Amino acid sequence: MSINSQKINVNSNKLTQVILTSIHCSSLFTSSVFAADISFEIEGVNAQPSKIYAQLFNSQDSYSKGEAFSATYLQAKQGINKVIFTNIPVGQYAIRFFQDENNNGTLDTNLFGMPSEGYGFSNNAKPNYGPVGYQDAAFTVTEQQDPVINQTHIIY
Amino acid sequence: MQRRQFLKSMAIVGASSVLPASATLLTAPLAPAMVNVKQLFNDALAVHPELIGFANVERNFEPQTLSLEGRIPADLHGVFYRNGPAKHESGAIRYQHAFEGDGMLQRFEIKNQNIVHRGQFINTPKFSQEQQAQQFVYSGPETKIAHALPVVTPDTVNTANTNIIAVGDDLWALWEAGSPTKIDRDSMQFQQQVHLGAESKYANTLQGLPFSAHPKVDPSGDIWNFGLHPSGNIVLYHLASNGNVKNAGVINTQYRGAMLHDFLITDKHLLIILPSLFTDKSIEGHFEQIKYNTDIPMRVLVISKQSLTVIKHYELPAGFVFHYGNAWEEINGTIHFDASLYPDVNVLHKLSNVMQGKIEQASTKAKTALITLHTEGHYSMQIMPGTSEFPCVCDHVVGLKKPLFIPSVSQNQ
C-alpha cells in the first residue's frame, strides 16, 4: 500500500540559526513593510514534558527544500498550544510542526521514514495515502487580518 | 471499470434520473455504463450460492454447535482459528476488491466430539469508527469513498483481515500493510495494534511498519516475517515466540511491484522472492495498477538469518506467486523450495471480478513448481501437473527437508 508521510527534519542547531536569522530579518521589515502576526493553535497535545518545534515556510520551493522562513519552539502543555510568528509580511505561508516527545531535538521516524512522534500542518492538513503538499497547508496573510489565526490538531 | 470512471458514472446516472428523457440521451453517450457492484453481486449470488464466501456479513455469529457429517475422534480437542474479510458492504457501497473487507475471526472449538463455532468481527479502530458512523468513512486501497476521512498511516485502515497466528498467550490478526492486531484468545476481543519493539532498543523505529500476513514459525518457535514499502524497501523481522523483537533490518530491493504476499525460510536463510510486477501509476486503484511484465525476471534474494542482509541473488523466469510451500537447504548450500506459480497476475484482478459476482475458473491456474537454486548461481525448475494454491506445512518442519512431499493439488483444471 502506498502510504508516505511528510518527514519534518529540524536539526536543533539549524533551528537556532533560522530563529536568529528570522529575528534579524523581521526587525528590518517592521519599519517599511506591512506585517502581521500569525497565531497558530495546535489542539490535542498530550501532557508529557516536551517541546513543540514549528517551522513557517513562504513558498512551495522553500517547503520542498525544508528551508524555513521562520521557526520557533515552545514548551508543550496538554490541550491547546499556541505558536506565534510575529511581524510576518503579506504573502502565502504554510506551517509544519512536531512534538519532540523524547527530547532528542529531532522528529523520530520509523525505519520507513514515517513520523513516530506527534506532528502536523497548518489548515489541519493531514497526509492521505501520501504526504501533505505545500498547497494543502498554505494560507495567506493579508493587510486585512491581524492577527492571522490558523488552527490544527496534532497527529499521533 | 476504473474507479474514476465509476464515480463519474455514478454522478451522471444520479443526475439523469431527474432529467427529462432528451437530456438523459444527451448525457448517456458521454458516460460509461454504471456498475452497481452490490446489485451485480447479489444477483449473481441468487443464482450461484457458491459465492457465499464473498457475501457481506452483517453481524457476529453467536456460538452455535455445528451439525457434523461423520464422527470426530474422541481424543481430538482444541480450538481452531481462521481469519478473513467479511464486511464487504456498508449502505449502498460494496468494496471493489476482496482484500478490502473488515476482518472476522472464526473460532471452532472441538470438544466432546462436537464443534462449536463463533464468528467475531475484529474491532479495529477502522471498524469501530465505521460501525459508529454506520457507513464506510475511509477509502480502501481500491474503493474510493465519497468525502472520506484522510488515511494518515496504514494502520488507519488496517482491517486485520488476512491471517491469524498464536503469539505468546495472544492471537495476532495480520494484514499486509500495517501492524499486527492483538486479540484476546478467549474473548476474541480486540486488544491493540501491536507496537513491535516497544520497550526495547528498537523503541519507535518499528512502530506502524508493515508486518505481512504469512510469517514463518520455525521449529524453535521463533517468528520470521517481512514488510514491504512501495519504495522497494523491505523490513525483515526475527521475533521470539512471545512477540519480542530479536532482530530487525531493512533491505533496499528496488522492487516496484507494490505487492509481496509470502516468503520462505530455510534453517539458515530467508528467501524473499520478487515477482514480475511493476506499478502503472496512471491507473487508479492500488490493486488495479499492479501489472505483470514478462521482461521482469522473478528475483530471489537469499538473506542471512543472522545478519538480515542479502548474501546471494538469483533470477528465475517471469512469474507471479501468492503462496509458497516450504524451503530447505543442503549442506553444500543448494536450496530447494516449492511455489504455487501463476503465469501472470490476473488472479489478483479476478478478486475484483468476483466482488461483482463474476465466477471465473481462470483464477485457479497456479501450478506447483519445485525449484532448486544451485550454488553456482543457476536454477532448475520442475512443474507438477494439476493446480495448487496455498500449500502449508507444519511448523516443526518449516525450513527443513520434508520427509514426504504432498502437494496441495487439485485435479480440477
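Structure values in brief
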quantity	calculated
Residue list for the stretch B:202-232, filter: small (Gly, Ala, Ser), in a loop (DSSP other than H, G, I, E, B) and either closer than 22 Å to residue B:322 by Cβ or within 15 Å of the chain's Cα centre (by Cα) (or both)	B:212, B:213, B:232
Strands (runs of 3 or more DSSP E) enclosed by the stretch B:133-197 - at least 2 residues per element that are aliphatic (A, V, I, L, M)	B:163-167, B:170-174
Subset of the stretch B:378-398 [at pLDDT 95 or above and either small (Gly, Ala, Ser) or under 11 Å from residue B:339 (Cα atoms) (or both)]	B:380, B:381, B:382, B:383
Condition check for residue A:134: under 13 Å from the mean Cα position of the chain (by Cα) and away from chain B (no Cβ under 14 Å)	yes
One residue from B:315, B:329 being of a type in the set (D, E, K, R) and either surrounded by fewer than 20 Cβ atoms within 10 Å (Cβ to Cβ) or within 14 Å of chain A (Cβ to nearest Cβ) (or both)	B:315
The stretch A:112-141: number of residues that are open to solvent by 20 Å² or more (accessible area, probe 1.4 Å) and charged (D, E, K, R)	2
Residues located in the stretch B:230-255, provided they are under 25 Å from residue B:281 (Cβ atoms) and either at pLDDT 95 or above or more than 11 Å from chain A (Cβ to nearest Cβ) (or both)	B:232, B:233, B:234, B:235, B:250, B:251, B:252, B:253, B:254, B:255
Residue list for the stretch A:38-65, restricted to those being closer than 11 Å to residue A:94 by Cα and assigned to a loop (DSSP other than H, G, I, E, B)	A:58, A:59
Count of residues meeting criterion [farther than 21 Å from residue A:107 by Cα, open to solvent by 30 Å² or more (accessible area, probe 1.4 Å) and in contact with a helix residue (DSSP H, G or I) (Cβ under 8 Å, 6 or more places away or on another chain)] in the stretch A:60-92	3
Qualifying residue in the stretch B:233-243 (condition: free of Cβ contacts under 8 Å to residues at least 40 places away in the same chain and more than 21 Å from residue B:155 (Cβ to Cβ))	yes
Per-region count, the stretch B:204-229, residues farther than 24 Å from residue B:254 by Cβ and either of a type in the set (Asp, Glu) or within 12 Å of another protein chain (Cβ to nearest Cβ) (or both)	4
Out of B:211, B:278, B:263, B:287, sole residue that is open to solvent by 30 Å² or more (accessible area, probe 1.4 Å) and of a type in the set (A, V, I, L, M, F, W, C)	B:278
In the stretch A:68-126, residue farthest from the other protein chains (Cβ to nearest Cβ) [restricted to those that are of a type in the set (D, E, K, R) and outside any loop (DSSP other than H, G, I, E, B)]	A:82
Residue list for the stretch B:178-196, filter: open to solvent by 10 Å² or more (accessible area, probe 1.4 Å) and either more than 22 Å from the chain's Cα centre (by Cα) or of a type outside the set (Val, Ile, Thr) (or both)	B:182, B:184, B:185, B:186, B:187, B:189, B:190, B:191, B:192, B:193, B:195
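The values are calculated or read from the model by the stated rules, or taken from the named source; none is laboratory data. Bear in mind the structure is a predicted one, so any value in this text is a computation, not a measurement. Using ideal geometry, Cβ is built from the backbone for each residue, glycine included, and neighbour counts are taken over all protein chains shown. Calculation scope for accessible area: heavy atoms of the full protein, side chains included, ligands and nucleic acids excluded. Shrake-Rupley method; radii C 1.70, N 1.55, O 1.52, S 1.80 Å.
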